[in-house]
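A.B. asks: Okay, handing you the structure first.
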């Protein structure tokens, strides 16, 4: 595991240890930022789909930060899957940033410059992957 992957993993684990499941916090932030996204979850009455999606996102983030093939392939596949729902690729950039912002808020002062740098690198790599898939 790289240092970056370790910091990403640490931030995810630390939030879970301190706050439990961050699903509600992530989606509350997403829907506040992009209210139109809430409409896509109208059938998710219990929040189970959101929780499941976020769990896959966490796996994807960890793999992507370690330069594994799963993360990059998952991003590509989900961009294609979500096209049928009318979700433009740019929403993925917004969503990944929303996850980071939520974790940063929940970790407060423990969001150190090395953790921020690891997330900045991760988000930059994801944005490149998203835009290259959108251009394909």
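FYI, it's all coordinate maths here, none of it is from the lab. Here the structure is a predicted model, which means the values were calculated and not measured. Reconstructed Cβ throughout: ideal geometry from the backbone, glycine too, with neighbour counts over all protein chains shown.
A.B. asks: Stretched out fully, how many nm does the piece from residue 101 to residue 116 gain, at 0.36 nm a residue minus the Cα gap?
C.D. replies: Values: separation 15, 0.36 × 15 = 5.40 nm, distance 1.01 nm.
That pair, residue 101 and residue 116, stretches by 4.4 nm at full extension.
A.B. asks: Apply the Debye scattering formula to region 1-51, with a single equal point scatterer on each alpha-carbon and no solvent, then give log10 I(q)/I(0) at q = 0.19, 0.24 Å⁻¹.
C.D. replies: -0.74, -0.90
A.B. asks: Right, another one. Where does each of 101, 67 land when they are ranked from fewest to most other beta-carbon atoms within 10 angstrom? Walk me through the intermediate numbers first.
C.D. replies: Values: 101 16, 67 12.
Fewest-to-most ranking of 101, 67: 67, 101.
A.B. asks: For the chain, what is the mean residue ellipticity at 222 nm derived from helices alone (per DSSP H run of n ≥ 4: -39500 (n - 2.57); sum divided by total residues; nearest 500 deg cm²/dmol)? Write down the numbers at each step before the final one.
C.D. replies: Values: 6 runs with 102 residues, N = 136.
Dividing the helical sum by the residues of the chain leaves -25000 deg cm²/dmol.
A.B. asks: Using only C-alpha atoms and all pairs of different ones, pull out the Kirkwood radius for region 95-136 in Å with one decimal.
C.D. replies: Working: mean 1/r = 0.0902 Å⁻¹.
Over region 95-136, the inverse of the mean reciprocal pair distance is 11.1 Å.
A.B. asks: Under a crude label model (7 Å from the Cα following the beta-carbon direction), how far is residue 124 from residue 39 in nanometres?
C.D. replies: Placing both labels 7 Å beyond Cα along the Cβ direction yields 3.6 nm.
A.B. asks: Label residue 19 and residue 69 with points 7 Å out from Cα along Cα→Cβ: what is the distance between them in nm?
C.D. replies: Computed distance between label sites residue 19 and residue 69 equals 3.5 nm.
A.B. asks: Tell me, in nm to one decimal, what length is gained between residue 49 and residue 83 on full extension, where the rule is 0.36 nm per residue of separation less the Cα-Cα distance?
C.D. replies: Working: separation 34, 0.36 × 34 = 12.24 nm, distance 1.77 nm.
Full-extension gain reported as 10.5 nm.
A.B. asks: Applying a 10 Å radius around every beta-carbon, put 29-40, 50-61 in order of their mean neighbour count, most first.
C.D. replies: Values: 29-40: 13.8, 50-61: 16.8.
The packing order, highest mean first, is 50-61, 29-40.
A.B. asks: Hey, another quick one. Of the listed values [x] 1.19; [y] 1.01; [z] 1.25, grab the one calculated as Cα Rg over 2.2 N^0.38 Å from the structure here.
C.D. replies: Read-out taken from this structure: [y].
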